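The values are calculated or read from the model by the stated rules, or taken from the named source; none is laboratory data. None of the values given here were measured: they were computed from a predicted structure. As a convention, Cβ positions derive from the backbone with ideal geometry for all residues, glycine included, and neighbour counts pool all protein chains shown.
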């Protein structure tokens, strides 16, 4: 009972520490304006809404006797966009939530059968897409089954409605783009000193860090007692085989990692920013030589890299980090932390966002999900009138927030 209470306290401290420490302040006003304009354009219009508005404008021009801008509309509809396709059948986590159980309480045989059922369902939808007149890239498909039942792929923007109309499809979401996070300093804001006063140091806890990469050989990434670690090398290799995961085991401290953007096992941050390393240090640094400790020095860290090693691709997308989150929960993570470099924005009433549903599902299953909000300030930064968001407006206020 003491250990369980300790884990709950630690999860709360870890959640608050990560949320507070991941704020990043921007000084490049021009860059802020550019990012703000981009965020507003993507959030307010979206591919499907832009198409609808363009069609309405063309219809209006036609009734007024002016020539519709058909070339512009066609060019827009011919663009290939990344989409996430949610399917009707429930995910593995849905089944746990329906039973008011944690994911780990479900039998392995049940989870295995459920995953096979969902994969067959997903394959059937992909086959239907191939047979239809939908222009889609089915050569690079991401599959989700734990938190979310669905697939991600590239599709012609003008064919999104056709995709949405297929049997078995529940929703189609545009995969949003996120900037690579920059690194500043967390100073004394992490709460690690408070956590250090607790008897419980994270033994048996698994934290997934969805970020830019990590140096898994760093001397700060050690455990005091490897026998107390939840995920052993044998257990991880068994999970990789059973669940068809693409990553691998690294060390007792970093039992699993994968580069979800490049589909390889290189975890190092090629940009040299090392934001993921910074966050992982906040989570679980354990360097006795330098007396440097994270919030949970004996917790294990899943290093889930979602940014490319190719410098031509400085951003990531929802479908990429969503797969990392799906795997994290499949591996039994107690805490999932995500800190991406985008400004705090706003949601559109009536629109659906896959991350909202995913976070809520994970929370109901007892997983702490911590997301930095506003790493690049807010969407109002750099505006001509110098307007700042209200303190109470949590959609745009430049703070981080725990989604627990």
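In table form, for the structure just shown:
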{"read-out": "Extreme residue, modelled with the lowest pLDDT, among residues of the stretch 122-140 that are part of a strand (DSSP E or B) and surrounded by fewer than 20 Cβ atoms within 10 Å (Cβ to Cβ)", "value": "140"}
{"read-out": "Where residue 66 falls short, out of the listed (1) at pLDDT below 65; (2) in a strand (DSSP E or B)", "value": "(2)"}
{"read-out": "Scan of the stretch 296-317 for residues that are farther than 25 Å from residue 248 by Cβ and touching a strand residue (DSSP E or B) at 6+ places or on another chain (Cβ under 9 Å), ordered by number", "value": "314, 315"}
{"read-out": "Selection status of residue 93, within 28 Å of residue 263 (Cβ to Cβ) and either at pLDDT below 95 or in a loop (DSSP other than H, G, I, E, B) (or both)", "value": "yes"}
{"read-out": "Breaking point among (1) surrounded by fewer than 16 Cβ atoms within 10 Å (Cβ to Cβ); (2) touching a helix residue (DSSP H, G or I) at 6+ places or on another chain (Cβ under 8 Å); (3) at pLDDT below 95, for residue 269", "value": "(1)"}
{"read-out": "Residue that is more than 24 Å from residue 318 (Cα to Cα), modelled with pLDDT under 85, in contact with a helix residue (DSSP H, G or I) (Cβ under 8 Å, 6 or more places away or on another chain) and in a helix (DSSP H, G or I), where the choices are 111, 55, 48, 60", "value": "55"}
{"read-out": "Matching residues, the stretch 245-268, being touching a residue at least 40 places away in the same chain (Cβ under 8 Å) and within 17 Å of residue 144 (Cβ to Cβ)", "value": "245, 247, 258, 260, 261"}
{"read-out": "The stretch 149-173, residues that are over 20 Å from residue 361 (Cα atoms) and assigned to a strand (DSSP E or B)", "value": "153, 154, 155, 156"}
{"read-out": "Lone unmet requirement of (1) more than 16 Å from residue 222 (Cβ to Cβ); (2) touching a helix residue (DSSP H, G or I) at 6+ places or on another chain (Cβ under 9 Å); (3) buried (at least 23 other Cβ atoms within 10 Å of the Cβ) for residue 261", "value": "(3)"}
{"read-out": "Lone unmet requirement of (1) within 21 Å of residue 324 (Cβ to Cβ); (2) in a loop (DSSP other than H, G, I, E, B) for residue 119", "value": "(2)"}
{"read-out": "Residue selected from the stretch 155-182 under the condition surrounded by fewer than 18 Cβ atoms within 10 Å (Cβ to Cβ) and within 21 Å of the chain's Cα centre (by Cα), by the criterion farthest from residue 119 (Cα to Cα)", "value": "182"}
{"read-out": "Pairs with Cβ under 6 Å, 6+ apart, first in the stretch 271-283 and over 11 Å from residue 180 (Cβ atoms), second modelled with pLDDT of 90 or more and surrounded by fewer than 24 Cβ atoms within 10 Å (Cβ to Cβ)", "value": "277/215"}
{"read-out": "Complete set of residues in the stretch 189-214 that are surrounded by fewer than 18 Cβ atoms within 10 Å (Cβ to Cβ) and either part of a loop (DSSP other than H, G, I, E, B) or at pLDDT 95 or above (or both)", "value": "189, 196, 197, 198, 199, 204"}
{"read-out": "Any hit, the stretch 141-148, residues being over 19 Å from residue 324 (Cα atoms) and either at pLDDT 95 or above or in a loop (DSSP other than H, G, I, E, B) (or both)", "value": "no"}
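Let's see how each residue does on (1) at pLDDT 65 or above; (2) touching a helix residue (DSSP H, G or I) at 6+ places or on another chain (Cβ under 7 Å):
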{"site": "352", "(1), (2)": "yes, no"}
{"site": "364", "(1), (2)": "yes, yes"}
{"site": "378", "(1), (2)": "no, no"}
{"site": "390", "(1), (2)": "no, no"}
